[in-house]
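A short worksheet on the structure shown next.
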Amino acid sequence: LENLKDRYMEDLIYTYTSSILVAINPYKRLPIYTDKFVRSYKGVRLGKLPPHIFAIAETAYNAMIQHNMNQSVLVSGESGAGKTESTKLILQFLSARTERSSNIDKMVLASVPVLEAMGNAKTGRNDNSSRFGKLIKIQFDDDYYIIGSSMEHYLLEKSRLIFQADGERNFHIFYQMTNGMTQEEKGRYHLREA
């Protein structure tokens, strides 16, 4: 833990433990996700460069090619740990890494706000906490270019629909909908102010 703290204080938010990448959310933008970094990690084996989310994406991409098998990257962490951002960075790297824009990554990323509205809520620890899990599958063609994707999501907290603890809120979509409704529409659906 001391090593993680020391690295974090130097804005070195990534650390390896074997082939597992430990990331600590810096809660700020760092200049380590540019095309220069994509080029640096492209074709480089894990551990040859400093720990980085791009190294994990490159390892999975190369294993897919070398073994001609599907690969998985598991992104896990507590509320506010940066799981969604890490997923976006993996998609960014894979899109840039193949040097052929398919716009699939942009479409996947563009769907995130809709999913967040439907499945995120304010909790005691995070104002925009995901209350669902998601599985994103990226499809590649025979030349290993991104050609498609699919996303499955799993609502984790259905009880939030009828009950929220003090200081917490229901799913964002309900507040967004009611903000756009007239008083007449709210009355028709028996909605009250939050």
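Within segment 1-26, residues that are over 18 Å from Gly80 (Cα atoms) sit with their Cβ atoms under 7 Å from residues that are open to solvent by 60 Å² or more (accessible area, probe 1.4 Å), at 6+ positions apart or across chains, in these pairs: Thr15/Asn3.
For segment 123-151, the candidate set comprises residues that are among the basic types (Lys, Arg) and farther than 19 Å from Asn68 by Cα; within that set, the residue that is surrounded by the fewest Cβ atoms within 10 Å (Cβ to Cβ) is Arg125.
Please find, among Tyr154, Tyr189, the residue that is more than 26 Å from Phe37 (Cβ to Cβ), free of Cβ contacts under 8 Å to residues at least 40 places away in the same chain and touching a Phe, Trp or Tyr at 6+ places or on another chain (Cβ under 7 Å). Tyr154 is the lone residue from the list that is more than 26 Å from Phe37 (Cβ to Cβ), free of Cβ contacts under 8 Å to residues at least 40 places away in the same chain and touching a Phe, Trp or Tyr at 6+ places or on another chain (Cβ under 7 Å). Scan segment 109-122 and tell me whether some residue there is open to solvent by 90 Å² or more (accessible area, probe 1.4 Å) and over 19 Å from Gly82 (Cα atoms). Among the residues of segment 109-122, not one is open to solvent by 90 Å² or more (accessible area, probe 1.4 Å) and over 19 Å from Gly82 (Cα atoms), which makes the answer no. In segment 158-173, which residue that is surrounded by fewer than 16 Cβ atoms within 10 Å (Cβ to Cβ) and within 12 Å of Met118 (Cα to Cα) is nearest to the chain's Cα centre (by Cα)? Once the filter is applied, the top-ranked residue is Ile173.
The values are calculated or read from the model by the stated rules, or taken from the named source; none is laboratory data. Treat the numbers as computed from the prediction; the structure is a model and nothing was measured. So basically every Cβ, Gly included, is an ideal-geometry build from the backbone, and we count neighbours across all protein chains shown. Ligands, DNA and RNA are stripped out before the accessible areas are found, and what is left, the full protein with its side chains, is counted by its heavy atoms. Shrake-Rupley method; radii C 1.70, N 1.55, O 1.52, S 1.80 Å.
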